[in-house]
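The values are calculated or read from the model by the stated rules, or taken from the named source; none is laboratory data. Given the structure is predicted, the values throughout are model-derived calculations rather than measurements. Here the Cβ positions follow ideal geometry from the backbone for every residue, glycine too, while neighbour counts run over all protein chains shown. Note: areas computed on protein heavy atoms with side chains; ligands, DNA, RNA excluded. Shrake-Rupley method; radii C 1.70, N 1.55, O 1.52, S 1.80 Å.
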Amino acid sequence: MQYGMYINENRCMGCFACVVACKDWHDVPAGPASWMRVKTIEKGKYPDLFVAFLPVTCNHCLHPACVAVCPVEAISKRPEDGIVTVDREACLGKDQCGLCLQACPYDAPQFGEEADARMQKCDWCLDRLTEGKKPICVISCPMQVIDIGPLDELRAQYGDVRETESFTYSEELAPSVLFKPKRDERNLAIGKIEVTPRVGTEG
Amino acid sequence: MAVDANHEEKIIRSICSSHCGGTCEMKVHVRGNRIVRIESDDGEYKPRLCARGHAYRQRVYAPDRLLYPLKRTGVRGAGEFTRISWDEALETVAGEMNRIKARYGNAAMLHFCSMCDPHTLHHVGAFHRLLCQFGGYTAPWGFISHEGATFSAGVTYGTRRKFLSQSEHRLEEYLSSRLIIMWGWNPVTTEQGTLTPLFLAQSKEKGARFIFVDPRYTDSAAVFADQWIPIRPGTDGAVLIAMAYVIIQENLQDRDFIEANTIGFDQFKAYVLGLEDGAAKTPQWAEAISSVPAATIENLARAYACNKPATLATSISPGRTAYGEQYHRAAAALEAITGNLQFQNWLSAPKKKAVKFNPQLESPPNPVEAGAPPRKNALPFRGVSVNSSARVNVSLFADAILKGKAGGYPHDYKMIWLSNTNYLNQLGEVNKTVKAFQQLEFILVTEQFMTATAKMADIVLPVCTFLEREDILAPRGGGIYALLNKVIEPLGESKSQRQICQALALKLGLTDYGDKTDGEMVEHIVTRLSEEVDLPDLDSLRKQGFVFGRPKKTEGGGQPEDKKIPPTAFPTPSGKIEIRSEIAARINDPLIPAIPTYMETWESLNDPLAVKYPLQLITPHLKRRAHSQFDNLPWLRELQTQAISVNTVDADSRGIRSGDLVRVFNDRGAVRIPAKVTERIMPGVVALPQGAWYSPDENGIDYGGCANVLTKNQISPGGAFTPHTALVQIEKVGQ
Ligand code: SF4
Ligand code: SF4
Ligand code: SF4
């Protein structure tokens, strides 16, 4: 079975509640390692703009590149739910190795700023999932942007859109993420505000 | 309490009490006396925590938290202090208070506390009770956040209650709106409770159209906007009045509503059409002022008048400008003449049955205010105390200290007590406030952190956070109740605000302040409220988040909901919505006109000063702070850089690129911070988020990025704080 994540990009307001909730829950200190990140997408010229926010974690790919390249098998994919976990004891560290970071096109492997930092990353809150609770980012998002659950159930509920503005689906890796993408509607704004014709006369 | 079997963690409930306007529910995980993590309540319509709420553990355990009383050893502002005992600290404070009282009188003492960690037991009432028992003090008047809105609601509707609907319509109202005009409102960042953006998202999904009128393409615009109308700061009133012109010219006004519910439409119409001053307030007139194209104003006016129900979601932010009252007055007039007001809070809400018991701490009248006449711009719905001319506007403490009686203030001021407020940082013209504070004989600050304000103090007393003491959220008149549990014991020697007042009362020889503990007070309040309100018992209250307490039914049952508008719905002199305000007319000040009027701000682009300082500064919120709170927490600091937003055009002409260090300056001061070059702000306007901690070097140049180094210490005629009215220049100083 494969778990997956669904993101309603239209609703994300870039508030970082998920980012900080994740750091608090998993005791990740301030610094470069952040299991959950929120990207800002900005396009256009004043005053015709498009701005979107996108939360990104590890995508727990069907064919994870990180697992394949790790020389000491520190990263593994759980058969029961497809979640990709990392054994930090076994990891050789960023300075010695860092191959997973090079291999992952989604920048998911995270390293702290300490010397020889070991890899850490999102595990879709395995601790919570095993207790039957949704991951912390899901329950802390004020806009209810994120859902995490069995991928086929998510597909049935939300459809099968695999790409959005700043996220390219890799056929080779098959990331387990679905989107409701935010559409760039520049130039459509004119005429979108419906105006009822004049009802009165001058005076 | 719920026990998490796997972790042996207890979950204790509280309500996030930061000064953002929201009160989001918090499930705090504790092990022993230690907070280990914080979870949101994920109930479907529970306000979930924002990033700041989730970072609260770092705030409680911040290495720079103040945990012991401190005495200043270096010069004011240097931040050199030594730890002393509570006894020595309180002895010193009581000694100074007695000395100043004997020498200069009670009025020489100023006091202010902010909305950081407030609610019932630890807010202004705690201090007010003590200081009034001590013989009185000079209290502030005016709301820093929304005095412009409060004032204009007061003169238009005769009450301040209605103003809340201008930016906080009942959330359900958004769901039935066809059009929502977000005027200077960025709820995604300011939060005001995380349910607000959720409801806006649902309104959008139901088909509501969103138009944003704002100098910035805010994050809220990013999420919701169908259209963005950039506007010059301080010119909102002109555009709203020109919209009224279009509506009147095209006869789109709601005649029935105007007839039934308002007075003064004809006078307003005469002003709008220019019958008296010969200047018609046409869209072309407003375009020249605001840079909003006339055709856009026409379309906006028609859209608002013809897409009912439409919500004019006017933020309180544009009211924090010179003559900001007029923006709110014009918006209120527009809502009334289009009949869109009918749809809002005031008229549709059933009258709440007042609960008689007032949970706030009681206080004797303030002797300093005895016999003082009301201020000239007093409002009828405010009590005599708040209206008293013995008070000083909250924005003007620095001016009052510097000028005293000679400058027309009621007294000469020698001492200030500031509690949970980074006053120096958060009000106009920091360098002037520094100068004023240097003159005082005694400064007492009760705080959690060594803020720029605390650095000026002679004695600093450590206050615990809201997670370390008990409190209750208990509005009068029924509504939402919640109990704030003590989650852990206070760290170090920190105490609650009320405990500090209790201890100081004893040192001052005041025996009737009250010796109940905070916990006993909460119990007492719940018991008393339960006589009038249907509330769960204390134990259930401790375990739940928000509960909705309804006033108990009395004989005859509750009033039926009367949706029809009674003829005298408004406590104004006429009983109607006063587009021409009798209250304003009686104030008899040309700068507070009876009709909503556009008045050009000081430091506008037409000011000769604009040659030297050609950029308009606005000082918006940053989502990782609540005002100056949270600025020091690593989890939040890393999310956003404190920087000044500059449009590409203005940056290019100055050779500035994103990330460059720039000097932002005017005659009041200078700040050095990185620039953020962006398309998301209108040319000619720069935005420096307020709340960053003032950190001057030896030359007085601020490297912290404190916006108020640049703002002016001048209030609007109605009393509003005016931080969005300031001209600056920027130049590149490094990379
Ligand atoms: S997103 Fe990157 S780190 Fe995560 S499973 Fe795929 S390849 Fe591995
Ligand atoms: S699933 Fe859990 S670990 Fe992953 S980002 Fe969300 S909160 Fe963090
Ligand atoms: S909490 Fe939700 S809305 Fe906020 S940044 Fe994360 S995904 Fe977006």
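Some observations on this one:
- Here the accessible area is traced with a 1.4 Å probe on the protein chains. For chain B, carbon and sulfur cover 50 percent of it.
- Assuming charge only on the beta carbon of Lys and Arg (+1) and of Asp and Glu (-1), the dipole of the protein assembly as shown about its Cα centre is about 1680 debye to the nearest 20.
- Surface exposure of the range B:606-735, expressed per residue as accessible area with a 1.4 Å probe, stands at 34 Å².
- Pairs of lysines in the range B:238-393 (C-alpha under 26 Å apart; 8 or more residues apart or interchain): 4
- Residues in the range B:667-691 occluded by at least 40 Å² - accessible area, probe radius 1.4 Å, against chain by itself: B:GLU679, B:ARG680
- Counting charges near A:SER166 (Lys, Arg +1; Asp, Glu -1) among other residues having Cβ under 13 Å from its Cβ returns a value of -2.
- Rounded Å value of the spacing that divides the Cα centres of the range A:111-169 and the range B:433-449: 48
- Exposure rule at most 14 other beta-carbon atoms within 10 Å, DSSP loop GluC sites (Glu not before Pro): chain B longest free segment: B:81-275
- Total buried accessible area between B and A, probe 1.4 Å, nearest 100: 4800 Å².
- Percentage relative contact order, chain B, counting C-alpha pairs under 8 Å, at least six apart: 19
- Counted over the range B:559-678, the DSSP beta bridges are approximately 65% antiparallel.
- The trypsin sites (Lys or Arg not before Pro) of the range B:198-235 that DSSP puts in a loop, and whose beta carbon has at most 13 other beta carbons within 10 Å, are B:LYS206.
- 1.4 Å probe accessible area per residue over the range A:1-109, in Å²: 40
- In the range B:617-650, comparing the full protein assembly with the chain on its own, the residues that lose 50 Å² or more of accessible surface at a 1.4 Å probe are B:LYS623, B:TRP635, B:GLU638, B:LEU639.
- Volume per residue of the C-alpha convex hull in chain B, rounded to whole Å³: 163
- Counting only DSSP beta bridges with both residues in chain B, the antiparallel share comes to about 55 percent.
- Solvent-accessible surface, computed for protein heavy atoms with a probe of 1.4 Å, shrinks by 30 Å² or more for the following residues of the range B:9-54 when the other protein chains are added to the isolated chain: B:ARG37, B:GLU39, B:ASP42, B:ARG48, B:ALA51, B:HIS54.
- Under 10 Å, Cβ to Cβ, from B:VAL733 - net charge with Lys/Arg +1 and Asp/Glu -1: +1
- Relative contact order (%) - the range B:22-121, alpha-carbon pairs under 8 angstrom, separation at least six: 13
- Counting only other chain Cβ atoms within 10 Å of each residue's Cβ, the peptide A:47-55 averages 4.
- Apportionment of accessible area to carbon and sulfur, the range A:19-74, percent (1.4 Å): 57
- Cleavage-rule hits, GluC sites (Glu not before Pro), the range A:34-96, DSSP coil, Cβ neighbours within 10 Å at most 13: A:GLU73, A:GLU80, A:GLU89
- Dipole of the protein assembly as shown, positive direction: furthest Cα of B:VAL547, B:VAL28, B:THR527, with charges on the beta-carbon: B:THR527
- Computed from point charges on the beta carbon alone (+1 for Lys and Arg, -1 for Asp and Glu), the dipole magnitude for chain A about its Cα centre is near 580 Debye.
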